[in-house]
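Asks: If you scroll down you'll find the structure; I have some questions about it.
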Amino acid sequence: MLLLHDLGDSSRTWDLISAKFREKYRIYSVELRGHGHSDRPSDPNYRFNDFYSDIKSLAVSLNLNKAVVVGHGAGSRLAAKLSVENPQMVSNLILYDLEQNSISDVTKWISIEDTIRFLQSQRPRVDLDSINRQARNLTSGGLDGSRAYVHDTSSYSVYMDEDLWADWAGINCPALILRGRLSQDLNHSDAIKLAETISKSRLVELENAGHWLHQELPDEFNDVIEWYLDNSS
């Protein structure tokens, strides 16, 4: 199982799903370039194809074969292209929302408490324990107690400032399209169009959740994936 996070996130976003599925699958949770503890490129090489080349190289090095690939946000598009260009590598796709339409320009905070309050305002339906973990996973601290994102915040604008891959009709493996009904990044009508474009797809929408569905409703998120994988053959 290959897990691909969204822009501005980290591989630690998948901790709960990794714990849920590690007995059935060997889990690979990727850190996108410029995110988490991965190296930052010397130039702002954060275009879609830059990220994709990293994912493709990793998949080749792992000799990936018939993997379940889960993508959130930008990770969904990366996962989809991997399945189209390398169908032998991917048995099932789980496409979870698309890239966020907007992102805050706030990147630094005076304390961890201030960081937590900010993330709570951005993800109001996520429980406090998860927010606390995210605050510590996504930021690092200064000697004065301040916090700042560990990822390269220039990646978002570079990535979004181009035409993004959209060859969804080329997907031939079974695919689950998953979204929270409150998300505007992949809205209901676009999700239906996506499901109609991908020949072997199922669409599932969960109530009372948005872009951060896997943190807002982690049990339901995991249950849907488990149900889908048990019934996708």
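No value in this document is a laboratory result; all are computed from the given coordinates. Keep in mind the model is a prediction, meaning the values are calculated, not measured. Positions of Cβ are generated from backbone atoms using ideal geometry, with glycine treated the same way; all protein chains shown enter the neighbour counts.
Asks: Obtain the nm distance between the two label points defined at Leu58 and Glu207 by a simple spin-label model: each point lies 7 Å from its Cα along the Cα-to-C-beta direction.
Replies: 3.6 nm
Asks: For helix 74-85, what angle does its Cα long axis make with the longest principal axis of the chain, in degrees from 0 to 90 and rounded to 10?
Replies: Taking Cα atoms only, the helix is inclined about 30 degrees.
Asks: Distance check, please: which entries in Lys108/Lys193; Lys56/Lys193; Lys81/Lys108; Lys20/Lys200 exceed 31 angstrom between their Cα atoms?
Replies: Lys108/Lys193; Lys81/Lys108
Asks: Turning to a different aspect of this structure: Given H placed 1.01 Å from N in the peptide plane, which residues other than close sequence neighbours of Leu176 have an amide H under 5 Å from its amide H?
Replies: Leu93, Ile94, Leu95, Arg202
Asks: Which whole-Hz ³J(HN,Hα) couplings does the stretch 176-186 yield from phi under the Karplus relation 6.51 cos²θ - 1.76 cosθ + 1.60, θ = phi - 60°, glycine and proline marked x?
Replies: Result, ordered by residue: 9, 9, 10, 8, x, 5, 8, 6, 9, 7, 10 Hz.
Asks: Across the stretch 16-32, in residue order, what do the Karplus-derived ³J(HN,Hα) couplings come to in whole Hz, using 6.51 cos²θ - 1.76 cosθ + 1.60 with θ = phi - 60° and x for Gly and Pro?
Replies: Here the 3J(HN,Hα) series is 6, 5, 4, 5, 5, 10, 5, 6, 9, 9, 7, 9, 10, 10, 7, 9, 4 Hz.
Asks: Starting from the eigenvalues of the Cα gyration tensor, five times each then square-rooted, give me the equivalent ellipsoid semi-axes of the stretch 170-233, largest first, whole Å.
Replies: Details: eigenvalues 75, 52, 10 Å².
Ellipsoid semi-axes (Å, largest first): 19, 16, 7.
Asks: Which angle between 0 and 90 degrees, to the nearest 10, do you get for helix 112-122 versus the longest principal axis of the chain when only C-alpha atoms count?
Replies: Tilt relative to the chain: about 40 degrees.
Asks: How big is the dipole moment of the chain about its Cα centre under a simple scheme where the beta carbon of each Lys and Arg is +1, that of each Asp and Glu is -1, and everything else is neutral? Debye, nearest 20, please.
Replies: Details: 24 positive and 34 negative charges, 102 e Å.
Computed charge dipole of the chain: roughly 500 debye.
Asks: Take every DSSP beta bridge with both residues inside the stretch 138-233 and express the antiparallel ones as a percent of the total, to the nearest 5.
Replies: Just about 35 percent of them are antiparallel.
Asks: Let me ask something else. Please give me the summed charge of the neighbours of Gly170: other residues whose Cβ is under 11 Å from its Cβ, Lys and Arg +1, Asp and Glu -1. Intermediate results must be reported in sequence, preceding the final value.
Replies: Values: positive: Lys81; negative: Glu85, Asp167.
With Lys, Arg at +1 and Asp, Glu at -1, the neighbours total -1.
Asks: Can I ask one more? Based on alpha-carbon centroids, what's the gap between the stretch 167-229 and the stretch 66-91 in Å, whole number please?
Replies: 14 Å
Asks: With the chain treated as a Gaussian network of Cα nodes joined by springs under 10 Å, which of Gly170, Gly73, Gly210 yields the largest mean-square fluctuation?
Replies: The residue with the greatest mean-square fluctuation here is Gly170.
Asks: Loop-only GluC sites (Glu not before Pro) in the stretch 170-233, please: DSSP not H, G, I, E or B, and at most 11 other Cβ atoms within 10 Å. Before the final figure, lay out each step's value.
Replies: Working: sites: Glu196, Glu205, Glu207, Glu216, Glu220, Glu226; in loops: Glu207.
Counting only loop positions with at most 11 other Cβ atoms within 10 Å, the GluC sites (Glu not before Pro) in the stretch 170-233 are Glu207.
Asks: Separate question: Once you list every other residue whose beta carbon is under 13 Å from the beta carbon of Leu58, what net charge do they have if Lys and Arg are +1 and Asp and Glu are -1?
Replies: 0
Asks: Using r as the Cβ-Cβ distance of Tyr25 and Ser199, and R0 as 25 Å, what FRET efficiency do you calculate, to the nearest 0.05?
Replies: 0.50
Asks: Ranking request for peptides 27-39, 84-96: highest mean number of other beta-carbon atoms within 10 Å first, then the rest in descending order.
Replies: Answer by packing, highest mean first, reads 84-96, 27-39.
Asks: Which residue, Leu164, Leu217, Leu98, has the most motion in a Gaussian network model of the chain that connects Cα atoms within less than 10 Å?
Replies: Leu164
Asks: May I pose another question? Give me the net charge of Phe48's neighbourhood, meaning all other residues with Cβ under 14 Å from the Cβ of Phe48; Lys, Arg count +1, Asp, Glu -1. Walk me through the numbers before you get to the answer.
Replies: Working: positive: Arg33, Arg47, Lys56, Arg77, Lys81; negative: Asp6, Asp50, Asp54, Glu85, Glu99, Asp161, Glu162, Asp163, Asp167.
Result for the neighbourhood of Phe48: -4.
Asks: Based solely on its DSSP helices, what 222 nm [θ] is calculated for the chain when runs of n ≥ 4 H residues each add -39,500 (n - 2.57) and the sum is averaged over all residues, nearest 500 deg cm²/dmol?
Replies: Working: 9 runs with 88 residues, N = 233.
Theoretical 222 nm ellipticity from helices: -11000 deg cm²/dmol.
Asks: A further question follows. Hey, got a sec? Which trypsin sites (Lys or Arg not before Pro) in the stretch 143-198 land in a DSSP loop and have at most 15 other Cβ atoms within 10 Å? The partial results should precede the final answer.
Replies: Values: sites: Arg147, Arg179, Arg181, Lys193; in loops: Arg181.
Of the trypsin sites (Lys or Arg not before Pro), the ones in loops of the stretch 143-198 whose Cβ has at most 15 other Cβ atoms within 10 Å are Arg181.
Asks: What do you get for the angle between helix 218-230 and the principal long axis of the chain? Use alpha-carbon atoms, 0 to 90 degrees, nearest ten.
Replies: Helix 218-230 and the main axis of the chain meet at about 20 degrees.
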